[in-house]
Amino acid sequence: VYSDETGHFKSPELHYETMKDQEILDLCVGDQSPFADDAILFFWTTGNRLDLGIDVVRAWGFDFKSSMMWDKEHIGTGHWTRDQFETLMIATRGNIPCPLPGDNFPSVYREKKSEHSRKPVFVAHMIDEFFPTVPKTEFFPRRKSLQKGDIRLHKRPEGRWSFWGKESGGTDG
């Protein structure tokens with residue numbers, strides 16, 4: 001999508017390699033699943049791809065539970081609407097308890113977007129706060145874009161973050 005406002009093309013293919021929908025759906029199915037029997041999935045999607053996001057969650061063996069919205073404070077391009085948010089889908093499989101009422105975070109988080117595809121560090125801190133000792137894997141992060149002090153770069157024996165996929169740089173340990 002071309003933006004008249006910025007004069008730039010917004011297509012993700014201009015920034016990194018992308019996958020076809022079916023490749024994403026098949027990525028973590030059956031024997032290819034990297035997930036534990038009891039797992040929680042935080043999955044980013046855009047408004048115009050919400051249907052695919054739900055299909056991916058189900059194909060990967062998870063049940064959709066809730067979502068958060070990241071208000072980017074900037075109106076971008078779009079098709080039916082001009083996008084200003086991304087959705088963080090929350091899904092579980094197995095025995096994962098819900099956070100206690102009052103301990104959970106609000107469903108809308110507002111932070112101005114920065115470079116293409118960079119997600120707010122707040123979300124990683126939120127996940128780490130809820131699940132401090134649980135190992136975490138982030139799929140397809142652009143690890144080189146993580147900033148100093150990001151919780152995902154901390155090395156510790158339990159609850160550490162690992163990275164998987166092109167441009168991920170492997171695990172942190």
Check your understanding: How many residues are modelled with pLDDT of 75 or more, within 23 Å of GLN32 (Cβ to Cβ) and over 13 Å from the mean Cα position of the chain (by Cα) when one looks only at segment 134-173?
Key -> 5
Review point. Restricting attention to segment 27-37, does a residue exist that is within 19 Å of the chain's Cα centre (by Cα) and in a strand (DSSP E or B)?
Key: no
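Yes/no matrix, rows are residues, columns are (1) out of contact with any Lys or Arg (no Cβ under 7 Å at 6 or more places or on another chain); (2) without any contact (Cβ under 8 Å) to a residue 24 or more places away in the chain; (3) not hydrophobic (A, V, I, L, M, F, W, C):
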| residue | (1), (2), (3) |
| --- | --- |
| GLN32 | yes, yes, yes |
| ALA39 | no, no, no |
| PHE42 | yes, no, no |
| VAL57 | yes, no, no |
| TRP60 | yes, no, no |
Exercise for review: Of the conditions (1) in a loop (DSSP other than H, G, I, E, B); (2) loosely packed, with under 15 Cβ neighbours inside 10 Å, GLU129 clears all except one; give me its number.
Suggested key: (1)
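The rows are residues; the columns are (1) open to solvent by 40 Å² or more (accessible area, probe 1.4 Å); (2) among the basic types (Lys, Arg).
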site	(1), (2)
ASP55	yes, no
PHE62	no, no
LYS65	yes, yes
CYS98	yes, no
ASP103	yes, no
LYS112	yes, yes
GLU115	yes, no
**Study point:** Selection within segment 88-147 - closer than 27 Å to GLU17 by Cα and among the acidic types (Asp, Glu)
**Key:** GLU111, GLU115, GLU138
Point to revise | Answer residue from segment 24-41, given it is touching a helix residue (DSSP H, G or I) at 6+ places or on another chain (Cβ under 9 Å) and open to solvent by 60 Å² or more (accessible area, probe 1.4 Å) and is nearest to LEU52 (Cα to Cα) among those | key: ASP26
Review point. Could you count how many residues in segment 70-80 are more than 24 Å from HIS125 (Cβ to Cβ), surrounded by 11 or more Cβ atoms within 10 Å (Cβ to Cβ) and touching a residue at least 12 places away in the same chain (Cβ under 8 Å)?
Key: 3
Check your understanding: Applying the selection to segment 88-133, what residues are touching a Leu at 6+ places or on another chain (Cβ under 9 Å) and touching a residue at least 60 places away in the same chain (Cβ under 8 Å)?
Key -> HIS116, LYS119, VAL123
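The values are calculated or read from the model by the stated rules, or taken from the named source; none is laboratory data. Keep in mind that what you see is a predicted model, and the values were worked out from it rather than measured. FYI the Cβ positions are ideal-geometry reconstructions off the backbone, even for glycines, and counts take in every protein chain you see. Only protein heavy atoms, including side chains, enter the accessible area calculation; ligands, DNA and RNA are left aside. Shrake-Rupley method; radii C 1.70, N 1.55, O 1.52, S 1.80 Å.
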